[in-house]
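In what follows, a structure is listed as C-alpha coordinates, so that the remarks can point back to it.
The values are calculated or read from the model by the stated rules, or taken from the named source; none is laboratory data. This one's a predicted model, so the numbers in the text were calculated from it and none came from an experiment. Cβ atoms come from the backbone with ideal geometry, glycine included; neighbour counts cover every protein chain shown.
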Amino acid sequence: MDDYDYYLYQIKEVEPLYDQIKEYLLSIAEERVKNVIISIIETGRYGSFKLHTPYSNRDNPSIEATRRLMFASLLAHHPDTALFLIEKNICLFHGSNGNALPGILKYGMNSFDQSVKDGNPVITGESSTRFAGRDFISFSDVFETALDYSTISAKNGNQELSFPIIIGVSRDSIKYLRTITVISDVPEIGIRNHVPLGLIATILVPSSKVAFVSKLFSDTNVKVLPCDMKLEAHYGLPNPKYPNDNLLEKIAECDDFSFEQEDVHKLSLRNTLLRIKRILTVFNDALWRDKHVGRNN
Amino acid sequence: MLEEIINSDLAKEALMVLSFWKEDMIAKVDDQFLQRLSDIAADSHKEFYFDKNKPLDEQNISNDCRDLITMVYYCYIANNQEQREVFNSWINNSKRSN
(Lines give C-alpha, C1' and ligand atoms only; values in the text may rest on other atoms or scores of the structure.)
Protein backbone atom coordinates (compact mmCIF):
# COMPACT_ATOMS: atom_id res chain seq x y z
CA MET A 1 0.00 0.00 0.00
CA ASP A 2 1.65 3.26 -1.07
CA ASP A 3 1.16 6.69 0.43
CA TYR A 4 -1.84 7.49 -1.68
CA ASP A 5 -3.79 4.40 -0.73
CA TYR A 6 -3.16 5.34 2.87
CA TYR A 7 -4.53 8.81 2.23
CA LEU A 8 -7.56 7.47 0.38
CA TYR A 9 -8.48 5.27 3.27
CA GLN A 10 -8.03 8.06 5.79
CA ILE A 11 -9.60 10.78 3.66
CA LYS A 12 -12.90 8.96 3.42
CA GLU A 13 -12.97 8.77 7.17
CA VAL A 14 -12.23 12.45 7.77
CA GLU A 15 -14.46 13.78 5.00
CA PRO A 16 -17.86 12.08 5.37
CA LEU A 17 -19.16 13.78 2.24
CA TYR A 18 -16.19 12.61 0.18
CA ASP A 19 -18.21 10.53 -2.26
CA GLN A 20 -20.96 13.12 -2.62
CA ILE A 21 -18.44 15.88 -3.29
CA LYS A 22 -16.70 13.75 -5.90
CA GLU A 23 -20.03 12.90 -7.51
CA TYR A 24 -21.10 16.55 -7.52
CA LEU A 25 -17.83 17.78 -9.03
CA LEU A 26 -17.98 15.16 -11.77
CA SER A 27 -21.56 16.19 -12.52
CA ILE A 28 -20.64 19.82 -13.16
CA ALA A 29 -17.23 19.32 -14.75
CA GLU A 30 -16.49 19.35 -18.45
CA GLU A 31 -15.94 15.91 -19.95
CA ARG A 32 -12.29 16.64 -20.76
CA VAL A 33 -11.30 17.08 -17.11
CA LYS A 34 -13.33 14.31 -15.46
CA ASN A 35 -10.48 11.81 -15.52
CA VAL A 36 -8.18 14.52 -14.12
CA ILE A 37 -10.62 15.18 -11.26
CA ILE A 38 -10.82 11.46 -10.45
CA SER A 39 -7.04 11.16 -10.47
CA ILE A 40 -6.57 14.24 -8.26
CA ILE A 41 -9.20 13.12 -5.75
CA GLU A 42 -8.10 9.51 -5.58
CA THR A 43 -4.34 9.94 -5.75
CA GLY A 44 -3.49 13.62 -5.26
CA ARG A 45 -1.65 13.63 -8.56
CA TYR A 46 -2.13 13.64 -12.32
CA GLY A 47 0.74 12.34 -14.38
CA SER A 48 3.89 13.95 -13.01
CA PHE A 49 1.92 16.73 -11.28
CA LYS A 50 1.60 16.26 -7.53
CA LEU A 51 -0.42 18.51 -5.26
CA HIS A 52 1.42 17.78 -2.07
CA THR A 53 4.93 19.18 -1.54
CA PRO A 54 7.63 18.00 0.83
CA TYR A 55 7.48 21.35 2.62
CA SER A 56 4.07 21.00 4.19
CA ASN A 57 2.22 18.69 6.57
CA ARG A 58 2.70 15.22 5.27
CA ASP A 59 0.77 12.88 7.46
CA ASN A 60 -2.45 14.80 7.86
CA PRO A 61 -5.36 13.16 6.04
CA SER A 62 -7.71 16.04 6.78
CA ILE A 63 -5.42 18.56 5.08
CA GLU A 64 -4.75 16.14 2.23
CA ALA A 65 -8.50 15.75 1.71
CA THR A 66 -8.91 19.51 1.51
CA ARG A 67 -5.90 19.80 -0.76
CA ARG A 68 -7.33 17.34 -3.25
CA LEU A 69 -10.99 18.28 -3.10
CA MET A 70 -10.35 22.00 -3.47
CA PHE A 71 -8.06 21.53 -6.47
CA ALA A 72 -10.69 19.23 -7.96
CA SER A 73 -13.21 22.04 -7.41
CA LEU A 74 -10.95 24.38 -9.36
CA LEU A 75 -10.82 21.81 -12.17
CA ALA A 76 -14.60 21.69 -12.21
CA HIS A 77 -15.17 25.46 -12.08
CA HIS A 78 -12.16 26.72 -14.08
CA PRO A 79 -10.77 23.81 -16.10
CA ASP A 80 -8.41 25.90 -18.25
CA THR A 81 -6.94 27.59 -15.20
CA ALA A 82 -6.42 24.30 -13.37
CA LEU A 83 -4.96 22.59 -16.44
CA PHE A 84 -2.43 25.41 -16.76
CA LEU A 85 -1.42 24.92 -13.14
CA ILE A 86 -0.94 21.23 -13.86
CA GLU A 87 1.00 21.84 -17.07
CA LYS A 88 3.39 24.28 -15.38
CA ASN A 89 3.62 22.29 -12.14
CA ILE A 90 2.29 25.20 -10.08
CA CYS A 91 1.55 23.97 -6.58
CA LEU A 92 2.38 26.84 -4.21
CA PHE A 93 -0.24 29.52 -3.73
CA HIS A 94 -0.48 32.89 -1.96
CA GLY A 95 -3.73 34.80 -1.51
CA SER A 96 -3.98 38.59 -1.50
CA ASN A 97 -5.95 41.42 -3.14
CA GLY A 98 -5.61 43.82 -6.05
CA ASN A 99 -3.88 46.50 -3.96
CA ALA A 100 -0.77 44.31 -3.89
CA LEU A 101 -0.32 44.21 -7.66
CA PRO A 102 1.67 47.43 -8.30
CA GLY A 103 4.18 46.51 -5.60
CA ILE A 104 4.51 42.95 -6.89
CA LEU A 105 5.01 44.17 -10.44
CA LYS A 106 7.77 46.55 -9.40
CA TYR A 107 9.43 44.80 -6.45
CA GLY A 108 8.30 41.16 -6.52
CA MET A 109 6.93 39.68 -3.28
CA ASN A 110 8.71 40.65 -0.10
CA SER A 111 8.53 39.76 3.57
CA PHE A 112 7.79 42.49 6.07
CA ASP A 113 11.43 42.82 7.09
CA GLN A 114 12.69 42.80 3.51
CA SER A 115 10.24 45.58 2.58
CA VAL A 116 11.34 47.67 5.54
CA LYS A 117 15.02 47.02 4.77
CA ASP A 118 14.57 48.06 1.15
CA GLY A 119 12.52 51.10 2.06
CA ASN A 120 9.50 49.77 0.17
CA PRO A 121 5.91 49.99 1.36
CA VAL A 122 4.47 47.08 3.34
CA ILE A 123 1.05 46.45 1.97
CA THR A 124 -1.73 43.91 2.38
CA GLY A 125 -0.97 40.85 4.40
CA GLU A 126 2.76 40.69 4.91
CA SER A 127 2.49 42.36 8.29
CA SER A 128 0.25 39.54 9.50
CA THR A 129 3.11 37.09 9.09
CA ARG A 130 5.18 39.24 11.38
CA PHE A 131 3.14 38.00 14.29
CA ALA A 132 5.27 36.39 17.01
CA GLY A 133 8.40 37.18 15.04
CA ARG A 134 7.70 35.16 11.93
CA ASP A 135 9.35 36.88 9.02
CA PHE A 136 8.47 35.24 5.75
CA ILE A 137 6.06 35.28 2.87
CA SER A 138 3.31 32.76 3.44
CA PHE A 139 2.52 30.23 0.73
CA SER A 140 0.53 27.02 0.85
CA ASP A 141 0.26 23.89 -1.25
CA VAL A 142 -3.42 23.77 -0.27
CA PHE A 143 -5.36 25.90 -2.75
CA GLU A 144 -8.10 26.49 -0.20
CA THR A 145 -5.70 28.27 2.18
CA ALA A 146 -4.74 30.80 -0.49
CA LEU A 147 -8.38 31.13 -1.55
CA ASP A 148 -9.30 31.80 2.06
CA TYR A 149 -6.70 34.56 2.44
CA SER A 150 -7.65 36.12 -0.88
CA THR A 151 -11.35 36.13 0.11
CA ILE A 152 -10.65 37.78 3.46
CA SER A 153 -8.10 40.18 2.00
CA ALA A 154 -10.44 41.49 -0.69
CA LYS A 155 -12.89 42.84 1.88
CA ASN A 156 -12.59 45.86 4.13
CA GLY A 157 -15.74 45.81 6.19
CA ASN A 158 -19.08 44.62 4.82
CA GLN A 159 -19.33 46.59 1.61
CA GLU A 160 -15.86 47.82 0.84
CA LEU A 161 -14.15 45.69 -1.77
CA SER A 162 -10.96 45.20 -3.62
CA PHE A 163 -10.64 42.06 -5.76
CA PRO A 164 -9.03 38.78 -4.70
CA ILE A 165 -5.83 37.55 -6.29
CA ILE A 166 -3.98 34.25 -5.95
CA ILE A 167 -0.32 34.09 -6.88
CA GLY A 168 1.07 30.78 -8.06
CA VAL A 169 4.68 29.55 -8.00
CA SER A 170 5.91 26.43 -9.74
CA ARG A 171 7.37 23.48 -7.85
CA ASP A 172 10.41 23.83 -10.16
CA SER A 173 11.06 27.31 -8.75
CA ILE A 174 11.19 26.22 -5.13
CA LYS A 175 14.88 25.36 -5.38
CA TYR A 176 15.62 29.04 -6.03
CA LEU A 177 13.75 30.14 -2.91
CA ARG A 178 14.64 30.01 0.78
CA THR A 179 11.96 27.88 2.38
CA ILE A 180 11.44 27.61 6.10
CA THR A 181 9.35 25.33 8.26
CA VAL A 182 6.30 27.00 9.70
CA ILE A 183 4.43 25.84 12.77
CA SER A 184 0.94 27.03 12.13
CA ASP A 185 -2.77 26.26 12.38
CA VAL A 186 -2.98 26.33 8.61
CA PRO A 187 -0.80 24.45 6.10
CA GLU A 188 1.76 27.15 5.45
CA ILE A 189 5.08 27.14 3.70
CA GLY A 190 7.36 30.06 4.50
CA ILE A 191 9.51 31.72 1.89
CA ARG A 192 12.20 33.94 3.33
CA ASN A 193 12.69 37.51 2.24
CA HIS A 194 11.84 37.70 -1.43
CA VAL A 195 10.09 36.03 -4.35
CA PRO A 196 11.26 37.76 -7.52
CA LEU A 197 8.74 38.55 -10.24
CA GLY A 198 10.53 36.12 -12.54
CA LEU A 199 9.54 33.19 -10.31
CA ILE A 200 5.87 34.08 -10.20
CA ALA A 201 4.24 31.82 -12.77
CA THR A 202 0.63 32.92 -12.58
CA ILE A 203 -1.83 35.31 -10.95
CA LEU A 204 -5.46 34.22 -10.65
CA VAL A 205 -8.05 37.01 -10.56
CA PRO A 206 -11.82 37.30 -11.10
CA SER A 207 -12.79 36.93 -14.76
CA SER A 208 -13.76 40.60 -15.00
CA LYS A 209 -10.25 41.62 -13.93
CA VAL A 210 -8.24 39.41 -16.29
CA ALA A 211 -8.05 42.09 -19.00
CA PHE A 212 -6.90 44.79 -16.59
CA VAL A 213 -4.28 42.69 -14.79
CA SER A 214 -3.06 41.24 -18.11
CA LYS A 215 -2.34 44.76 -19.30
CA LEU A 216 -0.30 45.48 -16.18
CA PHE A 217 1.74 42.31 -16.55
CA SER A 218 1.96 42.27 -20.34
CA ASP A 219 5.74 42.85 -20.29
CA THR A 220 6.32 39.91 -17.92
CA ASN A 221 6.08 36.12 -18.15
CA VAL A 222 3.27 36.01 -15.59
CA LYS A 223 0.18 34.27 -16.93
CA VAL A 224 -3.05 35.94 -15.74
CA LEU A 225 -5.94 33.50 -15.43
CA PRO A 226 -9.54 33.61 -14.20
CA CYS A 227 -10.77 32.30 -10.88
CA ASP A 228 -14.18 33.46 -9.61
CA MET A 229 -14.17 31.30 -6.50
CA LYS A 230 -14.33 32.48 -2.93
CA LEU A 231 -14.86 30.79 0.42
CA GLU A 232 -18.05 31.45 2.35
CA ALA A 233 -16.65 29.90 5.49
CA HIS A 234 -13.11 30.42 6.54
CA TYR A 235 -10.45 27.84 7.11
CA GLY A 236 -10.39 26.42 10.56
CA LEU A 237 -13.05 28.75 11.94
CA PRO A 238 -16.43 27.30 12.90
CA ASN A 239 -19.31 28.82 11.03
CA PRO A 240 -22.83 28.11 12.35
CA LYS A 241 -24.17 28.52 8.84
CA TYR A 242 -22.23 25.44 7.76
CA PRO A 243 -22.33 23.07 10.73
CA ASN A 244 -21.06 20.13 8.70
CA ASP A 245 -18.18 22.16 7.29
CA ASN A 246 -19.32 21.04 3.86
CA LEU A 247 -16.71 21.89 1.25
CA LEU A 248 -19.30 22.43 -1.44
CA GLU A 249 -21.26 24.90 0.63
CA LYS A 250 -18.10 26.86 1.33
CA ILE A 251 -17.36 27.67 -2.29
CA ALA A 252 -19.22 30.57 -3.83
CA GLU A 253 -18.71 33.09 -6.57
CA CYS A 254 -16.54 35.99 -5.46
CA ASP A 255 -18.07 39.42 -4.93
CA ASP A 256 -17.46 41.46 -8.01
CA PHE A 257 -18.74 44.59 -9.67
CA SER A 258 -17.72 47.05 -12.36
CA PHE A 259 -18.21 50.71 -13.10
CA GLU A 260 -20.17 51.22 -16.27
CA GLN A 261 -19.17 53.70 -18.95
CA GLU A 262 -22.18 55.87 -18.21
CA ASP A 263 -20.97 56.10 -14.58
CA VAL A 264 -17.59 57.31 -15.76
CA HIS A 265 -19.19 59.72 -18.22
CA LYS A 266 -21.42 61.13 -15.48
CA LEU A 267 -18.40 61.64 -13.22
CA SER A 268 -16.53 63.36 -16.03
CA LEU A 269 -19.35 65.85 -16.63
CA ARG A 270 -18.91 67.27 -13.15
CA ASN A 271 -15.39 68.47 -13.67
CA THR A 272 -14.21 71.97 -14.57
CA LEU A 273 -11.85 73.10 -17.30
CA LEU A 274 -9.60 74.71 -14.73
CA ARG A 275 -8.99 71.44 -12.91
CA ILE A 276 -8.52 69.50 -16.10
CA LYS A 277 -6.22 72.00 -17.81
CA ARG A 278 -3.31 71.45 -15.45
CA ILE A 279 -3.45 67.70 -15.48
CA LEU A 280 -4.02 67.65 -19.26
CA THR A 281 -0.77 69.47 -19.99
CA VAL A 282 1.32 67.14 -17.88
CA PHE A 283 -0.63 64.12 -19.10
CA ASN A 284 0.07 64.95 -22.76
CA ASP A 285 3.72 65.68 -22.01
CA ALA A 286 4.03 62.33 -20.25
CA LEU A 287 2.33 60.50 -23.10
CA TRP A 288 4.56 62.21 -25.67
CA ARG A 289 7.64 61.34 -23.67
CA ASP A 290 6.53 57.75 -23.23
CA LYS A 291 5.95 57.41 -26.93
CA HIS A 292 9.01 59.22 -28.24
CA VAL A 293 11.59 59.16 -25.48
CA GLY A 294 10.91 55.94 -23.62
CA ARG A 295 9.69 54.81 -20.25
CA ASN A 296 12.95 55.05 -18.36
CA ASN A 297 13.96 58.54 -19.52
CA MET B 1 6.86 64.52 -15.66
CA LEU B 2 3.93 62.34 -14.76
CA GLU B 3 5.49 61.83 -11.34
CA GLU B 4 5.57 65.58 -10.68
CA ILE B 5 1.84 65.88 -10.51
CA ILE B 6 0.77 62.35 -9.82
CA ASN B 7 2.14 61.07 -6.52
CA SER B 8 2.12 57.41 -5.58
CA ASP B 9 -1.09 57.52 -3.50
CA LEU B 10 -2.98 59.25 -6.28
CA ALA B 11 -1.61 56.82 -8.87
CA LYS B 12 -2.64 53.87 -6.68
CA GLU B 13 -6.12 55.26 -6.08
CA ALA B 14 -6.65 55.91 -9.79
CA LEU B 15 -5.29 52.49 -10.73
CA MET B 16 -7.61 50.74 -8.30
CA VAL B 17 -10.60 52.70 -9.65
CA LEU B 18 -9.56 51.75 -13.20
CA SER B 19 -9.36 48.11 -12.14
CA PHE B 20 -13.13 48.22 -11.65
CA TRP B 21 -13.89 49.63 -15.08
CA LYS B 22 -15.71 47.36 -17.50
CA GLU B 23 -13.46 45.23 -19.67
CA ASP B 24 -14.45 46.94 -22.90
CA MET B 25 -13.28 50.27 -21.47
CA ILE B 26 -10.02 48.86 -20.12
CA ALA B 27 -9.30 47.36 -23.53
CA LYS B 28 -9.06 50.90 -24.93
CA VAL B 29 -6.59 52.22 -22.35
CA ASP B 30 -2.97 52.17 -23.43
CA ASP B 31 -0.96 49.37 -21.76
CA GLN B 32 2.05 51.58 -21.27
CA PHE B 33 0.00 54.24 -19.50
CA LEU B 34 -1.38 51.67 -17.04
CA GLN B 35 2.11 50.30 -16.47
CA ARG B 36 3.47 53.80 -15.84
CA LEU B 37 0.67 54.44 -13.38
CA SER B 38 1.36 51.12 -11.67
CA ASP B 39 5.06 51.93 -11.47
CA ILE B 40 4.32 55.14 -9.58
CA ALA B 41 1.62 53.45 -7.49
CA ALA B 42 4.04 50.77 -6.28
CA ASP B 43 5.44 53.19 -3.68
CA SER B 44 2.09 53.94 -2.09
CA HIS B 45 1.44 52.67 1.43
CA LYS B 46 -2.30 52.98 1.00
CA GLU B 47 -4.98 50.48 0.06
CA PHE B 48 -8.21 51.35 -1.68
CA TYR B 49 -11.57 49.66 -1.47
CA PHE B 50 -14.88 50.55 -3.05
CA ASP B 51 -18.54 50.14 -2.19
CA LYS B 52 -20.16 47.76 -4.65
CA ASN B 53 -23.57 49.31 -3.96
CA LYS B 54 -22.62 52.84 -5.02
CA PRO B 55 -22.06 54.31 -8.49
CA LEU B 56 -18.70 55.85 -9.29
CA ASP B 57 -19.62 59.45 -8.54
CA GLU B 58 -20.75 58.50 -5.03
CA GLN B 59 -17.59 56.58 -4.17
CA ASN B 60 -15.23 58.02 -1.58
CA ILE B 61 -12.45 59.01 -3.98
CA SER B 62 -10.32 62.15 -3.94
CA ASN B 63 -10.88 65.13 -6.25
CA ASP B 64 -7.44 64.62 -7.79
CA CYS B 65 -8.37 61.04 -8.56
CA ARG B 66 -11.63 62.18 -10.16
CA ASP B 67 -9.61 64.55 -12.36
CA LEU B 68 -7.22 61.80 -13.41
CA ILE B 69 -10.02 59.32 -14.11
CA THR B 70 -11.80 61.96 -16.14
CA MET B 71 -8.65 62.49 -18.20
CA VAL B 72 -8.27 58.79 -18.89
CA TYR B 73 -11.91 58.59 -19.95
CA TYR B 74 -11.59 61.65 -22.20
CA CYS B 75 -8.37 60.52 -23.85
CA TYR B 76 -9.04 56.81 -24.30
CA ILE B 77 -12.71 55.97 -24.01
CA ALA B 78 -15.02 58.81 -25.03
CA ASN B 79 -16.00 59.04 -28.68
CA ASN B 80 -16.12 62.43 -30.44
CA GLN B 81 -19.64 63.21 -29.34
CA GLU B 82 -18.97 62.22 -25.74
CA GLN B 83 -15.77 64.27 -25.73
CA ARG B 84 -17.68 67.33 -26.97
CA GLU B 85 -20.34 66.87 -24.33
CA VAL B 86 -17.79 66.47 -21.56
CA PHE B 87 -15.65 69.39 -22.75
CA ASN B 88 -18.67 71.72 -22.99
CA SER B 89 -19.67 70.66 -19.49
CA TRP B 90 -16.22 71.58 -18.19
CA ILE B 91 -16.46 75.03 -19.76
CA ASN B 92 -19.93 75.61 -18.33
CA ASN B 93 -18.87 74.39 -14.89
CA SER B 94 -15.85 76.68 -14.98
CA LYS B 95 -18.04 79.68 -15.88
CA ARG B 96 -20.45 78.86 -13.06
CA SER B 97 -17.66 78.61 -10.55
CA ASN B 98 -16.13 82.00 -11.56
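Note on segment A:250-286: among residues that are more than 7 Å from every other protein chain (Cβ to nearest Cβ), surrounded by 13 or more Cβ atoms within 10 Å (Cβ to Cβ) and within 29 Å of A:VAL210 (Cβ to Cβ), the one that is modelled with the lowest pLDDT is A:LYS250. In this structure, is B:LYS12 at the interface with another protein chain (Cβ under 7 Å from one of its Cβ atoms) and in contact with a Pro (Cβ under 9 Å, 6 or more places away or on another chain)? Considered against the rule, which asks whether it is at the interface with another protein chain (Cβ under 7 Å from one of its Cβ atoms) and in contact with a Pro (Cβ under 9 Å, 6 or more places away or on another chain), B:LYS12 comes out as yes. Looking at the structure I just gave you, is A:THR43 over 30 Å from B:ALA11 (Cβ atoms), out of contact with any Asp or Glu (no Cβ under 6 Å at 6 or more places or on another chain) and not acidic (Asp, Glu)? Answer is yes for this residue.
Applying the criterion of being touching a residue at least 24 places away in the same chain (Cβ under 8 Å), within 19 Å of B:TYR73 (Cα to Cα) and more than 7 Å from every other protein chain (Cβ to nearest Cβ) to the residues of segment B:34-60, the residue that is surrounded by the most Cβ atoms within 10 Å (Cβ to Cβ) is B:LEU37.
Only one entry in A:LEU69, A:LEU105 is in a helix (DSSP H, G or I), in contact (Cβ under 8 Å) with a residue 24 or more places away in the chain, within 24 Å of A:ASP256 (Cα to Cα) and aliphatic (A, V, I, L, M), namely A:LEU105.
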